[in-house]
Structure formats: structure tokens, C-alpha cells
1. Does region 20-66 come out rounded, prolate or oblate, given a ≥ b ≥ c as the square roots of the eigenvalues of its C-alpha gyration tensor, rounded meaning a/c under 1.5 and, failing that, prolate meaning a/b above b/c?
2. Computed FRET efficiency, Cβ-Cβ of Glu316 and Asp22, R0 35 Å: what is it to the nearest 0.05?
3. Using only Cα atoms, find the angle between the long axis of helix 248-277 and the longest principal axis of the chain, and express it within 0 to 90 degrees, rounded to the nearest 10.
4. In region 71-166, what % of DSSP beta bridges are antiparallel (nearest 5)?
5. Run through region 187-250 and list the chymotrypsin sites (Phe, Trp or Tyr not before Pro) located in a DSSP loop whose Cβ has at most 11 other Cβ atoms within 10 Å.
6. Give the aspartates and glutamates whose C-alpha is closer than 14 Å to that of Lys212, dropping any in the same chain fewer than 8 places away, or say none.
7. Roughly how tilted is helix 96-109, in degrees to the nearest 10 and between 0 and 90, from the longest Cα axis of the chain?
8. Could you work out how far apart the two model spin labels at His14 and Ala123 are, taking each label as a point 7 Å from the Cα in the direction of the beta carbon, and quote it in nm?
Amino acid sequence: MQTARRPELRRNDHTLSEDQQDVEVVFAEFFLRECPSSRVRDAEPLGYDEKLWRSLVQTGAVTMGLPEALGGGGASVLDLALVAGAFGRHLAPVPLIEAAVALRLLADAAPDVARTWIDGAAAGGRFPTLALRPADGDGAAQLVPAGAITGAVIALTGGELVLHNVAEPPPPVGNQGRAPIAWWHPSPDNRVALADGDRARELYEGAVREWKLLTAAALAGLGEGVLALGLDFVKDRTAFDTPIGAFQAISHALADAHTAVVGARNLARKAAWYAANEPGGRRELVPMAFAYAAQAATRAVTVATHVQGGFGFTVESDVQLYFRRAKGWSVLAGDPRAELSAIGDLLADRVRS
């Protein structure tokens, strides 16, 4: 095992522990084995593979971030970020991030209510998801991630944190990222109040930040996956009896995109470390990680498409699977450029304090 470091040193040294390295390896191998590109294609257009979901649930990935008292693994948000990175690298058609975040929110807000949903999710059955925007009191609809396959939606509704049970999931909405999103209308019926006032707002905002953090890790993993495809292609494709990867116009573009993706991965891990160890510190890191991961993933899929030439723009190329999801995942919570305002506000708050 690695020697324990003082907390003040860990702020700048985010090297993974041996246990965290094991988590990364185990789930990298799981998704590599269980989620080839053919499975991603077969799950379209809904973007959900129930059999894969049940297999993932059996690994404990969905409940690993829950307290041990509720049957979870007591894992940190950094551990979840490592799993999200492997999930993104292979574009797994499962609601990992939504379910994990919603269950953690339930565990914090109402452990007694959480137990039923945790048991259901652990059996590979119904799971809750999270509305990424507060629900209006007039019942206005919003697009909800995993809304087409969920059993409940947790939302901040009229100053209360509420679990809205869903008897029948609404129909999926077609989208570029082939994600199972759906329009959801809050209803006064079949709802459970979990918290109210400042606590409700704090819990909800924390869950949305966690969703963005794990999505940032997934986007970084997506970037790694698509650049691996691009690299394989340029090593095999030749021009003038030379692999095209030897040409600077191609190799430099891939190297620049790789640098951006690694930076996005490291930034997401740093944000996850602070979220796990100093949740009140460096809060600007989450919007930074989300905005930059969206940018880095978009750059990676663009470069990978270009280096494959005309083939990269065809449906036969796996690169297009990554291209569409990089675009789609990035905007589920709105325009990622809006995070720049959040970063500025949080930095200003640090200066004032």
C-alpha cells in the first residue's frame, strides 16, 4: 500500500491509491469485455441495454458510493469518477451516472426512503434519476436524463426536495447522443417530500454538481476512447508507402487533442478529490471540469473524425458513435459555456471571503 500523505500535500498530489488503481482496472476490463461497439449500436436509438445494466449492477458500481449502513460500498466520489471514465470510454448504454447520483442524494436526504430504491436498483430493477433544473410550480416540462427508463425523478420543487414516482416512463425524445432522455412534467400526485428550505436546496445543488463532475469524467473517458480509434487508424492507413500518422499535420493534431483530454481527466479527478475530502473548498473546480471536459471531448471527436478522412463521416465508423455522444452528453444540463459564469461567481466569492 502507498504511504499515507498529509492532507495538505494531497491537495496537490492526486496520485491514485492502490485501491483506486484496482477500481480503475476492474471497470476498464468490465466495459472492455461487456461493451463492444456492436452493443452500443444495438442499443440505439433508445440508448439503453437492460442486460448490460443488470450486469453492471451486479458489480456493485451503482451502489458503491452509498454508505455501508445502507448496503453500499462506502466509496468516494473519486472512485465513482474512475468508474465513470471507463463508462465513457466505451459509451456504455446504461444510466450509471444518473442512478448513482440520485441514490446518493436519497441516502443523504431520507435514508428510510432510500432503502427501498437501493434494494430495487441493487436487483437491477427500477432506479431514480435527477432533474437537472428546479421544477417550476406550474408543472412546466423539462428534459430529464434517463427519464425514458426511470422509476422516479428527484427534483427541487417549490422549495422542497421531492421524489416524484413515475408509474410509466414517458416516451423517449430523439437526440443526437442517443441518450434515453424524456420530457417530464412534475405532478402533485404520487410524490414524497424529502427535505425543505435551505437543506433541500443544498442537497439538490450538491447532487447537480456531482452529476456534472461524473459527466466530466465520462467525457474525458470518451475522449480517450475516440483518440484510441483515431490512433489505430493512422497507424494502419498509408499514403506514399508511409503510415499517415507519421505526417505532422495528423500526429500533431492527435497529440494536441490527447493533451487536452488528459488535462480534462486530471481536472475531473482533482475536483473529485476536493468533493470527497474538502467539499467546501475549491467549488469552482466542478464547473471548470465540466466545461473543459466538454471542450476537450469535442476536440477529440473532431480530430478523430478528420484523421479518418471520408470514412470518419460514415455510419460504419465507430468514431461517429463518439462524435454524437460528445455533442449530446455535453448539453444535457444546458450549454456548458454557461459554466464560465458559475466559475467567475465562485472565484469572486472566494476573493470576498
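1. Numbers: a/c = 2.84, a/b = 1.57, b/c = 1.81.
It is oblate, given that a/c is not under 1.5 and a/b is not larger than b/c.
2. Taking R0 as 35 Å, the efficiency between Glu316 and Asp22 is 0.45.
3. With both axes taken from Cα atoms, the answer is about 20 degrees.
4. 60 percent
5. Sites meeting the loop and neighbour criteria: Phe240.
6. By straight Cα distance, Lys212 reaches Glu98, Glu284, Asp335, Glu339.
7. 30 degrees
8. In this crude label model, His14 to Ala123 measures out at 3.9 nm.
Every number here is computed from the coordinates shown, using simple stated rules; none is lab data. Keep in mind that what you see is a predicted model, and the values were worked out from it rather than measured. Here the Cβ is made from the backbone with ideal geometry for all residues, glycine too, and neighbour counts use every protein chain on show.
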